[in-house]
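Structure first, then comments.
The values are calculated or read from the model by the stated rules, or taken from the named source; none is laboratory data. Since the model is a prediction, treat every value here as computed from it, not as a measurement. Quick reminder, even Gly has a Cβ in these numbers, built from the backbone with ideal geometry, and neighbours come from all protein chains shown. Each accessible area value is taken on the protein alone, full model and side chains, heavy atoms only, with ligands, DNA and RNA left out. Shrake-Rupley method; radii C 1.70, N 1.55, O 1.52, S 1.80 Å.
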Amino acid sequence: MGRQTKIKLENVTKVFYKRGNSITAVQNISTEVKDGEFVCLIGPSGCGKTTLLKILAGLETPSTGNYSISRENKDKPLQSMVFQEKGIFPWLTVSENVAFGLNMQKLPKAYVKEQTEYFLEKVGLTQFAKRYPKELSGGMKQRVSIARAFANDPEILLMDEPFAALDEQNKYILQEELLNIWMETKKTVLFITHSIDEALMLSDRILLMSAQPGQIVADKKIELPRPRRFEQIRSDRDVAKQFVEIWQHLQTEVQRSRLQTT
Ligand code: ADP
Ligand code: MG
């Protein structure tokens with residue numbers, strides 16, 4: 001292996017203050033993500049997953065602790081984010097949405113066009129290039145977000161439950177498309193999900209978080225070879241065992257977070 005560390009978090013804690021109360025969203029998070037690695041973060045609702053991603057996106061600052069994202073090319077954006085929804089601009093066409101970040105960087109027109117067309121093709125949206133988001137299905141909108149994120153060619157990709165609102169069939173198709181693009185571009189991805197199946201399908205490693213305050217309580221390597229098929233996730237004995245372990249962990253943590261809030 002010997003791959004370089006791309007993302008490093010050292011004892012990152014984030015405390016929010018609201019109306020005299022303090023909420024520790026994440027506590028003492030320390031981990032590393034290697035260059036080109038696909039890591040999923042899974043944990044009960046409210047455990048600080050989005051907060052952690054926002055810190056890495058530069059949208060929040062840690063209360064204590066440090067993080068770093070190693071830069072290979074200082075002309076490239078440090079990170080791109082893909083959210084569950086509202087990630088694309090309704091007043092721009094599909095191709096304008098994909099080109100948005102590139103145009104912001106004032107890159108040469110020919111390069112912007114080439115990148116945009118390439119990634120639109122990758123997500124199967126070439127013939128929808130001139131459409132507006134309101135004319136698209138949920139799955140297509142997420143494809144636009146994904147195409148834009150990769151077209152930007154960032155150092156790292158941060159994805160916050162991008163497929164959570166999709167139906168099972170669409171979700172699976174988008175997972176496959178995402179993996180194809182990921183394998184081709186070798187990007188470092190940190191991906192949040194609620195779905196154990198999704199995490200097992202996508203990850204090189206799964207980081208399990210505790211209920212609030214969110215801490216990383218397990219770090220699991222998923223050795224299943226790629227490309228993976230959903231049937232394997234359900235039939236491979238080792239993976240099935242990991243599914244159960246993660247399931248039990250989540251049950252415990254969800255229970256714990258319920259006790260805290262009720
Ligand atoms: P998750 O994404 O795992 O569901 P979040 O990171 O969104 O969790 O939130 C973690 C905790 O931090 C929650 O209790 C949430 O209410 C709180 N929180 C998140 N953002 C803020 C904020 N800007 N101000 C106050 N509290 C916040
Ligand atoms: Mg969240």
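Each row is one residue, and each column tells you yes or no for (1) open to solvent by 40 Å² or more (accessible area, probe 1.4 Å); (2) more than 16 Å from ligand 2 (Cβ to nearest atom).
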residue: GLU135; (1), (2): yes, yes
residue: LEU157; (1), (2): no, yes
residue: LEU190; (1), (2): no, no
residue: LEU200; (1), (2): no, yes
residue: PRO213; (1), (2): yes, no
residue: GLU223; (1), (2): yes, yes
residue: ARG226; (1), (2): yes, yes
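Residue-wise test of (1) within 16 Å of ligand 2 (Cβ to nearest atom); (2) aliphatic (A, V, I, L, M); (3) open to solvent by 50 Å² or more (accessible area, probe 1.4 Å).
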residue	(1), (2), (3)
GLU10	no, no, yes
PHE16	yes, no, yes
CYS47	yes, no, no
ALA57	yes, yes, no
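Could you tell me which numbered condition LEU59 fails, if it satisfies all but one of (1) within 16 Å of ligand 1 (Cβ to nearest atom); (2) of a type outside the set (Ser, Thr, Tyr); (3) more than 28 Å from ALA218 (Cβ to Cβ)?
(3)
Pairs needed: first member in segment 234-262, under 17 Å from ALA218 (Cβ atoms) and aromatic (Phe, Trp, Tyr); second member anywhere, open to solvent by 90 Å² or more (accessible area, probe 1.4 Å) and in a helix (DSSP H, G or I); C-beta distance under 9 Å; at least 6 residues apart or different chains.
Matching pairs, first to second residue: PHE243/ARG234.
Got a sec? Which of THR93, THR64, THR51 is polar (S, T, N, Q), in contact with a Lys or Arg (Cβ under 9 Å, 6 or more places away or on another chain) and touching a residue at least 60 places away in the same chain (Cβ under 8 Å)?
Selected residue: THR51, the only one of THR93, THR64, THR51 that is polar (S, T, N, Q), in contact with a Lys or Arg (Cβ under 9 Å, 6 or more places away or on another chain) and touching a residue at least 60 places away in the same chain (Cβ under 8 Å).
Against the condition of a type outside the set (A, V, I, L, M) and at pLDDT below 95, how does LYS113 come out, does it pass?
So LYS113 fails the test.
Is it the case that ALA110 is open to solvent by less than 20 Å² (accessible area, probe 1.4 Å), farther than 26 Å from VAL217 by Cβ and of a type in the set (Gly, Ala, Ser)?
When the stated conditions are applied, ALA110 does not pass them.
Given the criterion among the aromatic types (Phe, Trp, Tyr) and closer than 26 Å to LYS8 by Cβ, identify the matching residue among TYR67, TYR132.
Going through TYR67, TYR132 in turn, the sole match is TYR67.
Against the condition among the small types (Gly, Ala, Ser), in a helix (DSSP H, G or I) and at pLDDT 95 or above, how does ALA240 come out, does it pass?
Against the criterion (among the small types (Gly, Ala, Ser), in a helix (DSSP H, G or I) and at pLDDT 95 or above), ALA240 does not qualify.
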